[in-house]
Amino acid sequence: MHLFCLIFDEYEALDLMGPVEFLARVPEVKISYVSFDGGMKRSKQGFFIKTKKLSKMPKESVLLLPGGQGTRALVDDSEFILRLKECVLASQICLSVCTGSALIARTGELDGLKATSNKRSLEWVKSCSEAVKWQERARWVRAGKFYTASGVAAGMDMALGFISDHFGKELAQKIANETEYNWQKSSKIDKFAKIYGY
């Protein structure tokens with residue numbers, strides 16, 4: 001399984017690195033860090049990552065899209081959204097963390113499906129597409145080939161949920177144990193929703 005992490009400037013570091021920490025421990029997963037123009041991409045926190053230029057998303061691959069401050073401008077970047085839609089359509093599975101789901105929503109491919117996002121930014125995310133069935137209380141949501149996670153650290157629980165679904169619960173728990181991570185196995189428990197008024 002080939003995982004393509006699609007990165008842009010001002011992405012949220014943990015949105016990417018949290019899931020990658022776990023996914024890189026799955027022997028069957030190969031990871032590539034890509035962007036539409038290649039080169040160095042800077043996180044909101046100042047980390048730089050070298051990306052390869054993605055010209056075409058291979059079929060049967062997995063797409064991981066982080067969120068972050070950079071999504072605010074990209075939702076209105078028609079060229080980026082068009083290219084993202086091509087990647088989403090080509091992918092076998094599509095994972096997003098935090099406001100990354102706003103970008104996928106803009107492609108129209110989440111229309112009619114359940115999805116979630118960062119609760120602190122949820123009203124803005126909802127404004128990006130009213131056709132999505134936004135879930136106000138969910139750690140993460142699985143709908144068909146889409147996995148969408150709530151805010152930042154929720155992507156780590158989602159990644160383990162994805163690993164559990166596709167590679168087995170034992171491996172997911174083993175990875176959680178190796179990393180001394182307290183995995184929240186239920187996607188429906190969301191204690192942060194109440195904090196932000198949901």
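Quick notes on this structure:
- Positions within segment 180-198 being over 13 Å from Leu122 (Cα atoms) and small (Gly, Ala, Ser), in sequence order: Ser186, Ser187
- For first residues located in segment 1-17 and more than 15 Å from Gly39 (Cα to Cα), partners that are open to solvent by less than 10 Å² (accessible area, probe 1.4 Å) and of a type in the set (Asp, Glu) and lie 6+ apart or on another chain with Cβ distances below 6 Å do not occur.
- Hits in segment 144-158 - residues which are polar (S, T, N, Q) and either surrounded by fewer than 22 Cβ atoms within 10 Å (Cβ to Cβ) or at pLDDT 95 or above (or both): Thr148
- Some residue of segment 95-106 being on the phi < 0 side of the Ramachandran plot, open to solvent by 10 Å² or more (accessible area, probe 1.4 Å) and touching a residue at least 12 places away in the same chain (Cβ under 8 Å): yes
- Taking segment 134-147 as the range and being part of a loop (DSSP other than H, G, I, E, B) and among the small types (Gly, Ala, Ser) as the test, the residues that pass are Ala138, Gly144.
- Matching residues in segment 54-94 - criterion: being open to solvent by less than 70 Å² (accessible area, probe 1.4 Å) and farther than 28 Å from Arg139 by Cβ: Leu54, Pro58, Asp77, Arg83
- Subset of segment 1-20 (residues that are among the β-branched types (Val, Ile, Thr) and surrounded by fewer than 17 Cβ atoms within 10 Å (Cβ to Cβ)): none
- Residue list for segment 18-60, restricted to those being over 20 Å from Ala73 (Cα atoms) and without any contact (Cβ under 8 Å) to a residue 12 or more places away in the chain: Ala24, Pro27, Ser55
- Residue identified as among the small types (Gly, Ala, Ser) and at pLDDT 95 or above among Ser96, Ser121: Ser96
- No other residue among Ser35, Ser61 is closer than 27 Å to Lys174 by Cβ and hydroxyl-bearing (Ser, Thr, Tyr) apart from Ser61.
- Considering only residues in segment 21-53 that are open to solvent by less than 60 Å² (accessible area, probe 1.4 Å) and more than 23 Å from Arg83 (Cα to Cα), the one that is farthest from the chain's Cα centre (by Cα) turns out to be Gly46.
- Scope segment 159-198; condition open to solvent by less than 40 Å² (accessible area, probe 1.4 Å), more than 26 Å from Phe4 (Cα to Cα) and of a type in the set (Gly, Ala, Ser); matching residues: Ala193
- Here Tyr147, Tyr198 are screened, and the one residue that is farther than 26 Å from Glu60 by Cα and either of a type in the set (Val, Ile, Thr) or in contact with a helix residue (DSSP H, G or I) (Cβ under 9 Å, 6 or more places away or on another chain) (or both) is Tyr198.
- Hits in segment 117-143 (condition: over 17 Å from Tyr198 (Cα atoms) and either in contact (Cβ under 8 Å) with a residue 60 or more places away in the chain or open to solvent by 60 Å² or more (accessible area, probe 1.4 Å) (or both)): Glu130, Arg142
The values are calculated or read from the model by the stated rules, or taken from the named source; none is laboratory data. Since the structure is predicted, the reported quantities are computational estimates derived from the model, not experimental observations. Reconstructed Cβ throughout: ideal geometry from the backbone, glycine too, with neighbour counts over all protein chains shown. These area figures cover heavy atoms from the full protein model, side chains too; ligands, DNA and RNA do not enter into them. Shrake-Rupley method; radii C 1.70, N 1.55, O 1.52, S 1.80 Å.
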